[in-house]
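Q: Pasting a structure here, questions to come.
Coordinate-derived values only; no laboratory data. For clarity, every value in this text was computed on a predicted model and none was experimentally measured. Don't worry about glycine lacking a Cβ; one is built from the backbone with ideal geometry, like all the others, and counts go over all protein chains shown.
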Amino acid sequence: MTIQVGDKLPEGTLMTMSGEGPQPISTSDIFSGKKVVLFAVPGAFTPGCSKQHLPGFVQKADAIKQKGVDTVACLAVNDAFVMDAWGKDQNVGDKVLMLADGNGDFTRALGLSLDAKGFGMGERSQRYSLVADNGVVKELNVETGGEYKVSSAEHMLGQL
């Protein structure tokens, strides 16, 4: 079942890159006591994700944070090394927290996995964005039909 507005985000562990290498980070560390904008992409370095989705949130991160958001985070079913390399390639800096859901466990727990085996990509995440306040989903925007509209940074700014 897909997570809905009003639901608490599931507990889980994601990975992020630090100076010492990949580090686990719990969802409670990310979301507890904070207002977080999380957006997910089907894959790092893929065309739509690299040309529109991530750059839009990097460009609008300051405006989003001015609306009371503590963290802007990007999630993909990729490993921490890939997410780190993609963040560097996109000049993310500290504007967006790059989160790896390497095995897709968190994505499956949300009910937002995507079967991309037909493209040789295995199981990935659907394209979506959400606002969580203290771990509770306040806004949820899941794309349909391969579109890129409701999960964009521009749409998110209008919801905050």
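Q: For Cα pairs less than 8 Å apart in space and 6+ apart in sequence, what is the mean separation divided by the residue count of the range 13-159, i.e. the relative contact order in percent?
A: Dividing the mean separation by the residue count of the range 13-159 yields 29 percent.
Q: Out of the trypsin sites (Lys or Arg not before Pro) in the range 72-158, which ones are loop residues according to DSSP with at most 15 other C-beta atoms within 10 Å?
A: K149
Q: Go ahead and run the numbers for FRET between D70 and E123, Cβ-Cβ distance against an R0 of 35 Å, rounding to 0.05.
A: 0.75
Q: How do the peptides 152-160, 129-137 rank, highest first, by the average count of neighbouring beta carbon atoms within 10 Å per residue?
A: By packing density, highest mean first, the sequence is 129-137, 152-160.
Q: Could you give me the radius of gyration and the Dmax of the chain, taking only the C-alpha atoms into account and expressing both in angstrom?
A: Taking only Cα atoms of the chain, I get Rg and Dmax of 14.1, 40 Å.
Q: Quick one: Karplus J couplings for the range 51-60, per residue in order, coefficients 6.51, -1.76, 1.60, θ = phi - 60°, nearest Hz, x for Gly and Pro?
A: My calculation for the range 51-60 gives 8, 10, 5, 4, x, x, 6, 5, 5, 9 Hz in order.
Q: Amide H to amide H under 5 Å from E139: which residues, 5+ apart in sequence or cross-chain, H placed 1.01 Å off N in plane?
A: Those lying under 5 Å, H to H, from E139 are V131.
Q: Amide H of S125: which non-local residues (sequence gap of 5 or more, or other chain) have their own amide H closer than 5 Å, using H built in the peptide plane?
A: Those qualifying (amide H under 5 Å, at least 5 residues apart or on another chain) are V77, L114.
Q: Just E143, E123, E20 to compare: in a GNM of the chain, with alpha carbon springs under 10 Å, which one fluctuates most?
A: E20
Q: Which ³J(HN,Hα) values, rounded to whole Hz and listed in residue order, are derived for the range 146-160 from phi using the Karplus coefficients 6.51, -1.76 and 1.60 in 6.51 cos²θ - 1.76 cosθ + 1.60 with θ = phi - 60°, glycine and proline given as x?
A: x, 7, 9, 9, 6, 9, 6, 4, 4, 5, 4, 4, x, 8, 8
Q: With +1 on the Cβ of every Lys and Arg and -1 on the Cβ of every Asp and Glu, and nothing else charged, how large is the dipole of the range 1-79 about its Cα centre, in debye rounded to the nearest 20?
A: Roughly 380 debye, rounded to the nearest 20.
Q: Cα-based count: Lys pairs in the chain below 20 Å, eight or more positions apart or different chains?
A: Total qualifying Lys-Lys pairs in the chain comes to 26.
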